[in-house]
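The values are calculated or read from the model by the stated rules, or taken from the named source; none is laboratory data. Only a predicted model underlies this, so the values are computations on that prediction, with no experimental measurement involved. Cβ: placed from backbone, ideal geometry, glycine included. Neighbour counts: every protein chain shown.
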Amino acid sequence: MENINPTQTKSWKKLSDHFKAVEKLQMKDLFKKEENRGSEFSIQWEDFYLDYSKNRITTETKSLLLELVKECKLDKAIESYFGGEAINQTEGRPVLHTALRAKENKTVNVEGENVLPEVQEVKAKIKAFSNEVIDGSRKGYTGKKFTDVVNIGIGGSDLGPVMVTESLQYYQNHLKVHYISNVDGDHVHQAIQDLNPETTLFIIVSKSFTTQETLSNSTTIRSWFMKTAPEEAVSKHFVAVSSNVEKVEEFGIASENIFPMWDWVGGRFSLWSAVGLSISLAVGYSNFDAMLQGAQKMDEHFKNSDYSENIPVQLALISIWYNNFCNAESEAVIPYSQYLHRLPAYLQQAIMESNGKSVDRNGDKVDYQTGTIIWGEPGTNSQHAFFQLIHQGTKLIPADFIGFKHPLFQDKDHHDKLMANYFAQTEALLQGKTEGEVRSELEGKSLSTEEIEKLLPFKVFDGNKPTNSILIEKLTPESLGKLVAMYEHKIFVQGVIWNIFSYDQWGVELGKQLASKILAEIENNSVENHDSSTKNMLKFFLK
């Protein structure tokens, strides 16, 4: 990919000048002037409808942002991305999570070799293994069928599978799936205390099979399991997703129960691979595959659609507009489905670990903002929590509202109430409530003039708060695949424009290195050289 400083492009300078001209823009005025704004600032694709009309942008803003993406050579970057070039340059790797859901008849080369036959082979293995556990033909060491599955991993080996399993809970079979990630001993012991070792299957997910949290939890669980089971039972109850076959076999896991991981799939984008084995077990392989097919459809939409009608591109450009020109520091993700309650946490890692970079692709410090802070909760819970800040606070917080036309349990009464809130909140954030409207409302309550003047400023809403509305027909495995892939490609577009490497994560390394050093000090009860704060806390901890 070409190294282009976005701030040195003609379009960036035009956008900076344009921002000064529209800084005081009121979206309400745009809607009054532009009769068809709602349709002109929206994209309908398959079962997705994106409305981005409630943003502080004009037709000129859109045009200039499209100039920017072209000037930053997004077209060439997309070719490199899907073509298997080593765009993760600091680690010398391609970025090919898209290959995991590519059609069988495609060719995706890594170092001259088509990787899709191997991908298909692993998918067949996931399918066969899942089917055997679900139908009961694969059993535990005492001949009993599995009832529970425990996934042991952290980061991308946990957040993606957890999010998808929770999101597709409606489609779940009889297996109960549990996730253990934190190295906190209370977490692992709480999780296993009510499990029956005879009917529990454990999946250890670690590319290197050396990750401290995962190996500590796996070792603890193995010891717990061995209290009642013989050594040879480990091979029936433990499987691994890893690239370190030697270490896995040392743990006691049979070679046929090892599912591979590839260097060209980053952890936070790995749920489409064997890392998603727990998903396949929870909802069945056919639903897991449907999710992959949905993601593949979004891949094609992203690759082939004109930028003006391209959902990930438009979302990325709007985000850059707020981050780099409007000085917004965070974005909220508000899914109006309780099933998606883990989506904001998943996107925190996907977005913040990818684009939280302060060095460009030349190795130079950037002098512009890159990644945004991502947070959120499901509606309507969020409305009774942090919406006060969005409505009447001092910060500009763009928000994505995600909703579905049809509920899964067909409860129209509940769903109509839920979606009434979905639509009302974006309209309220747009319109606000003027001083005149508040005054009229208060006068209707027979309050005195003094009482009205006292309450008036507290009940005014400025409005002009930006939102994107993503409305989907129904929460299915396929639509979830599309949704997750949509955000993946948004991340990619932002990284291209910001001229950063989105697919490494060196920022997580320093803390790990220091933790290893400090752990040795704790185990030896010997505090060495640290800053006075750390030294004093360690001494207090070791008393």
Here's a check for you: in segment 346-370, which residue that is closer than 24 Å to PRO161 by Cα and of a type outside the set (A, V, I, L, M) is surrounded by the most Cβ atoms within 10 Å (Cβ to Cβ)?
TYR346
If the requirement is being farther than 30 Å from THR476 by Cβ and in contact with a Lys or Arg (Cβ under 9 Å, 6 or more places away or on another chain), which of these qualifies: GLU71, GLU34?
GLU71
Test of understanding: among ASN131, ASN114, ASN88, which residue is out of contact with any helix residue (DSSP H, G or I) (no Cβ under 9 Å at 6 or more places or on another chain), at negative phi and surrounded by 15 or more Cβ atoms within 10 Å (Cβ to Cβ)?
ASN88
If a residue has to be out of contact with any Lys or Arg (no Cβ under 9 Å at 6 or more places or on another chain), charged (D, E, K, R) and either at pLDDT below 95 or within 27 Å of HIS187 (Cβ to Cβ) (or both) to count, how many in segment 119-176 make the cut?
3
Could you go through segment 347-364 and let me know if any residue there is free of Cβ contacts under 8 Å to residues at least 40 places away in the same chain and out of contact with any strand residue (DSSP E or B) (no Cβ under 8 Å at 6 or more places or on another chain).
yes
Which ones in segment 327-345 are crowded, with 17+ Cβ neighbours inside 10 Å and part of a loop (DSSP other than H, G, I, E, B)?
ALA328, TYR336, SER337, ARG342
Scan LYS454, LYS490, LYS445 and give me the residue that is among the basic types (Lys, Arg) and surrounded by 14 or more Cβ atoms within 10 Å (Cβ to Cβ).
LYS490
Only residues in segment 522-543 that are among the basic types (Lys, Arg) count as the first member; pair them with residues that are assigned to a loop (DSSP other than H, G, I, E, B), Cβ under 7 angstrom, at least 6 apart or cross-chain, and list the lot.
LYS535/VAL527; LYS539/VAL527
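Residues are listed down the side, and each one gets a yes or a no for (1) of a type in the set (Gly, Ala, Ser); (2) assigned to a helix (DSSP H, G or I); (3) in the same structural domain as ILE43 (by TED's automatic domain parsing); (4) modelled with pLDDT of 95 or more:
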| position | (1), (2), (3), (4) |
| --- | --- |
| ARG268 | no, yes, no, yes |
| VAL275 | no, yes, no, yes |
| SER280 | yes, yes, no, yes |
| GLY294 | yes, yes, no, yes |
| GLU300 | no, yes, no, yes |
| PRO312 | no, yes, yes, yes |
| LEU317 | no, yes, yes, yes |
| ILE320 | no, yes, yes, yes |
Subset of segment 524-539, residues in a helix (DSSP H, G or I), loosely packed, with under 10 Cβ neighbours inside 10 Å and either assigned by TED's automatic domain parsing to the domain that holds THR211 or within 36 Å of the chain's Cα centre (by Cα) (or both), comes to SER533
Among helices (runs of 4 or more DSSP H) lying entirely in segment 435-517, which contain 1 or more residues that are closer than 26 Å to PRO398 by Cα?
435-443, 477-498
Only residues that are part of a loop (DSSP other than H, G, I, E, B) and either more than 21 Å from PRO407 (Cα to Cα) or within 21 Å of the chain's Cα centre (by Cα) (or both): list them for segment 173-193, please.
HIS174, LEU175, SER181, ASN182, VAL183, ASP184, GLN193
Determine which member of the set LEU510, LEU456 is free of Cβ contacts under 8 Å to residues at least 24 places away in the same chain, of a type outside the set (D, E, K, R) and touching a Lys or Arg at 6+ places or on another chain (Cβ under 8 Å).
LEU456
Every listed condition ((1) more than 27 Å from LYS303 (Cα to Cα); (2) over 17 Å from the mean Cα position of the chain (by Cα); (3) crowded, with 21+ Cβ neighbours inside 10 Å) holds for ILE472 save (1)
Being surrounded by fewer than 20 Cβ atoms within 10 Å (Cβ to Cβ), in contact (Cβ under 8 Å) with a residue 24 or more places away in the chain, out of contact with any Pro (no Cβ under 7 Å at 6 or more places or on another chain) and not in a helix (DSSP H, G or I) narrows it down to one residue among ASP263, ASP289; which is it?
ASP263
Residues LEU100, LEU68: which one is over 30 Å from LYS512 (Cα atoms) and crowded, with 19+ Cβ neighbours inside 10 Å?
LEU68
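Among the candidates SER270, SER308, SER242, SER278, which residue alone is among the polar types (S, T, N, Q) and surrounded by fewer than 18 Cβ atoms within 10 Å (Cβ to Cβ)?
Result: SER308 is the single residue among SER270, SER308, SER242, SER278 that is among the polar types (S, T, N, Q) and surrounded by fewer than 18 Cβ atoms within 10 Å (Cβ to Cβ).
May I ask you to verify whether GLN169 is without any contact (Cβ under 8 Å) to a residue 24 or more places away in the chain, surrounded by fewer than 22 Cβ atoms within 10 Å (Cβ to Cβ) and not hydrophobic (A, V, I, L, M, F, W, C)?
Taking the combined requirement at face value, the residue does not satisfy it.
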Tell me, please, whether a residue that is in contact with a strand residue (DSSP E or B) (Cβ under 7 Å, 6 or more places away or on another chain) and among the basic types (Lys, Arg) can be found in segment 521-537.
no
Residues of segment 205-256 satisfying the condition of being part of a loop (DSSP other than H, G, I, E, B) and either more than 29 Å from the chain's Cα centre (by Cα) or aromatic (Phe, Trp, Tyr) (or both)
PHE209, LYS227, THR228, ALA229, PRO230, GLY252, ILE253, ALA254
